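Student: Would you mind keeping the following structure in view while I ask a few things?
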Amino acid sequence: MKIFKHQLLIGICLGICFLSACDDNTSLVGGGLMPEEDRITVYSDTFLISASTVKRDSLFSKSTTGLLGEYYDPQFGRLKADYLCQFYCEDEFKFQGTPYNNSIDSIYLSLIYTESGDPNTPIQFQVFPVTRLLDKAYYTNVNADEYADLNTKWGEQVYTASSGTIVDSIQISATEYEYYKQLIIKLPIELGQRIYEETLNNPASFMNQQAFNEFFPGIYMTTGYGSGCLFNVYQTDIFINYKYVLLDTKGRDSTLYMTEQFTTTKEVVQLNRFENSDTEQLLAENDDNTFIKTPAGIYTRLVIPSRDIKPVIQDRIINSMMFSLQYLPNNEWPFSLKQPTHLLLLPEDSLSNFFMNRSVDNNITIFVSVDSPAGNSTSTQTGFSADTRTYYFNNIATILAYHFSVAPDDDLRLVVIPVNRKTSSNSFGLYSSEISNFLAPSGLKLRKDKDFMKIAISTSIYHNK
């Protein structure tokens with residue numbers, strides 16, 4: 001579906017009057033309230049949506065966070081994840097002080113993370129140098145060996161997720177907290193020394209970000225042996241430590257310990273890579289369920305039979321088309337995948353450019369799930385109700401009205417995509433300030449049996465004699 005014109009959308013929105021549907025197929029509204037010649041007939045018709053599970057080869061993933069490790073879920077299959085990243089360098093960077101004897105003491109890589117899976121599984125972390133500039137494609141099917149030197153290993157250490165040092169926490173419910181931890185991986189001291197000497201011998205390498213990227217293209221972070229845990233890495237840093245001798249006004253010296261830091265930010269490129277396997281059972285024909293898995297690119301496709309709907313409702317005004325999706329609990333085991341926080345509903349042919357264009361929901365053709373059927377999300381953290389196991393989209397009548405105006409001869413094909421949603425607020429309430437692909441490990445089993453695929457459309461005709 002092509003991007004719609006603003007004027008057309010305004011016309012569609014003005015043409016949709018939100019009225020209450022009646023239990024009967026038709027009814028007259030306004031008797032005794034309106035003049036005899038002014039009446040509204042309201043209709044309610046029910047149609048059946050079809051649903052299936054589909055897969056995309058790669059995801060657009062412009063992010064400073066990434067996944068690292070390997071994980072197997074009996075229901076959703078296997079996932080292996082790693083990433084390549086650059087590091088931010090401020091313009092005209094210099095060391096804060098002169099290292100004692102012009103020698104640094106150490107250099108290490110820091111990972112700030114939370115984990116999914118078994119926190120006691122030993123994981124072998126491996127660090128390789130990136131040898132060419134990373135492309136800004138941001139798709140998850142990148143080949144690491146096209147960018148990194150896999151014959152030169154900069155670091156290798158074995159950790160469990162539980163061995164990390166707690167550095168922060170965030171409250172995720174009234175009784176639950178998520179803890180951010182840190183792991184340290186030693187890097188060759190020669191690398192830190194080379195960076196320091198470059199600031200002295202070729203300061204042009206630090207004049208701006210592009211120059212720094214050419215001097216230091218980044219790292220490839222991956223894992224060797226160990227399966228059963230994924231590290232959700234929120235920040236990757238390089239720290240260079242050194243001693244600095246400070247002289248006071250009387251010539252007395254004191255030794256200070258200094259640190260220089262390079263970090264992953266939005267100004268630089270991070271390429272996340274995901275390899276999924278054992279997903280055939282999710283894509284197989286299934287009469288009862290469809291599936292969603294992240295970050296596998298496994299989504300649910302919905303087909304609304306608009307070619308059958310149009311002859312029934314004809315030229316009536318579309319008042320409402322309430323829509324929600326209900327999910328079933330995942331298979332019970334200690335490390336079962338969680339549900340994604342929000343789902344996005346949009347036309348399938350709008351998906352390819354949605355994330356690249358940094359689009360958000362508009363409540364006309366693109367909708368984000370909320371956690372209640374009232375129409376207003378009561379939480380900024382989740383877009384579903386855990387009590388009813390439902391993702392609510394509420395009234396999506398505008399998407400059908402718009403589809404009739406641009407493609408009346410085709411059925412309406414929609415996709416349901418897991419997303420991260422950031423919100424802001426104004427006098428009208430919460431709105432989406434940013435929507436991105438949901439890259440955390442998650443799995444969802446949606447109901448598609450007949451009772452849950454029915455959709456009721458309320459329409460009306462205004463009689464003016």
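Student: Just give me the residues in segment 301-356 being of a type in the set (S, T, N, Q) and part of a loop (DSSP other than H, G, I, E, B), in sequence order.
Tutor: In the first step, residues of segment 301-356 are kept if they are of a type in the set (S, T, N, Q); the result is 306, 314, 319-320, 324, 326, 330-331, 336, 339, 341, 350, 352-353.
If the condition is that a residue be of a type in the set (S, T, N, Q) and part of a loop (DSSP other than H, G, I, E, B), then Gln314, Asn330, Asn331, Ser336, Gln339, Thr341 are the ones that fit.
Student: Among the numbered criteria (1) of a type in the set (A, V, I, L, M); (2) outside any loop (DSSP other than H, G, I, E, B); (3) under 25 Å from the mean Cα position of the chain (by Cα), which one does Leu400 miss?
Tutor: Evaluating Leu400 over (1) of a type in the set (A, V, I, L, M); (2) outside any loop (DSSP other than H, G, I, E, B); (3) under 25 Å from the mean Cα position of the chain (by Cα) leaves (3) as the failure.
Student: Turning to a different aspect of this structure: Six or more apart or on different chains, Cβ under 7 Å: which pairs go from a residue in segment 114-126 that's at positive phi to one that's surrounded by fewer than 21 Cβ atoms within 10 Å (Cβ to Cβ) and hydrophobic (A, V, I, L, M, F, W, C)? Could you list them?
Tutor: So the pair list comes out as Gly117/Phe335.
Student: If I ask for residues that are in a strand (DSSP E or B) and not hydrophobic (A, V, I, L, M, F, W, C), which ones from segment 101-118 would you list? Before you say what the answer is, go through the steps one by one.
Tutor: Filtering segment 101-118 for residues in a strand (DSSP E or B) gives 106-117.
If the condition is that a residue be in a strand (DSSP E or B) and not hydrophobic (A, V, I, L, M, F, W, C), then Ser106, Tyr108, Ser110, Tyr113, Thr114, Glu115, Ser116, Gly117 are the ones that fit.
Student: Separate question: Pick out the one residue from Phe323, Phe274, Phe262 that is in contact with a Cys (Cβ under 9 Å, 6 or more places away or on another chain), touching a residue at least 24 places away in the same chain (Cβ under 8 Å) and buried (at least 20 other Cβ atoms within 10 Å of the Cβ). Give the derivation first.
Tutor: Details: Phe323 fails: in contact with a Cys (Cβ under 9 Å, 6 or more places away or on another chain); Phe274 fails: in contact with a Cys (Cβ under 9 Å, 6 or more places away or on another chain).
Being in contact with a Cys (Cβ under 9 Å, 6 or more places away or on another chain), touching a residue at least 24 places away in the same chain (Cβ under 8 Å) and buried (at least 20 other Cβ atoms within 10 Å of the Cβ) holds for just one of Phe323, Phe274, Phe262, which is Phe262.
Student: For segment 383-405, which positions are without any contact (Cβ under 8 Å) to a residue 24 or more places away in the chain and open to solvent by less than 40 Å² (accessible area, probe 1.4 Å)?
Tutor: Ser385, the sole residue that qualifies.
Student: Something else: Looking at Asp118, Asp168, which is the one that is under 25 Å from the mean Cα position of the chain (by Cα), of a type in the set (D, E, K, R), at pLDDT below 95 and open to solvent by less than 50 Å² (accessible area, probe 1.4 Å)?
Tutor: On the way: Asp168 fails: open to solvent by less than 50 Å² (accessible area, probe 1.4 Å).
Going through Asp118, Asp168 in turn, just one is under 25 Å from the mean Cα position of the chain (by Cα), of a type in the set (D, E, K, R), at pLDDT below 95 and open to solvent by less than 50 Å² (accessible area, probe 1.4 Å): Asp118.
Student: Going through segment 423-443 one residue at a time, which ones are open to solvent by 60 Å² or more (accessible area, probe 1.4 Å) and closer than 11 Å to Val368 by Cβ?
Tutor: Leu430, Tyr431
Student: Pick from Phe355, Phe367, Phe323: which is touching a Ser or Thr at 6+ places or on another chain (Cβ under 7 Å) and under 30 Å from Phe404 (Cβ atoms)? Spell out the reasoning first.
Tutor: On the way: Phe367 fails: touching a Ser or Thr at 6+ places or on another chain (Cβ under 7 Å); Phe323 fails: touching a Ser or Thr at 6+ places or on another chain (Cβ under 7 Å).
Going through Phe355, Phe367, Phe323 in turn, the sole match is Phe355.
Student: Which of (1) surrounded by 17 or more Cβ atoms within 10 Å (Cβ to Cβ); (2) of a type in the set (Ser, Thr, Tyr); (3) closer than 29 Å to Gln381 by Cα; (4) without any contact (Cβ under 8 Å) to a residue 40 or more places away in the chain is the odd one out, the single condition Ser205 does not satisfy?
Tutor: (3)
Student: Collect the residues in segment 249-264 that are modelled with pLDDT under 95 and either among the aromatic types (Phe, Trp, Tyr) or outside any strand (DSSP E or B) (or both), keeping them in residue-number order.
Tutor: Within segment 249-264, Thr249, Lys250, Gly251, Arg252, Tyr257 qualify.
Student: Going by the conditions given, is Val245 open to solvent by 30 Å² or more (accessible area, probe 1.4 Å) and aliphatic (A, V, I, L, M)?
Tutor: Working: open to solvent by 30 Å² or more (accessible area, probe 1.4 Å): yes; aliphatic (A, V, I, L, M): yes.
Yes.
The values are calculated or read from the model by the stated rules, or taken from the named source; none is laboratory data. Model, not experiment: these values are computed from the prediction. Glycine also receives a Cβ, built like all others from the backbone with ideal geometry; neighbour counts cover every protein chain displayed. Ligands, DNA and RNA are stripped out before the accessible areas are found, and what is left, the full protein with its side chains, is counted by its heavy atoms. Shrake-Rupley method; radii C 1.70, N 1.55, O 1.52, S 1.80 Å.
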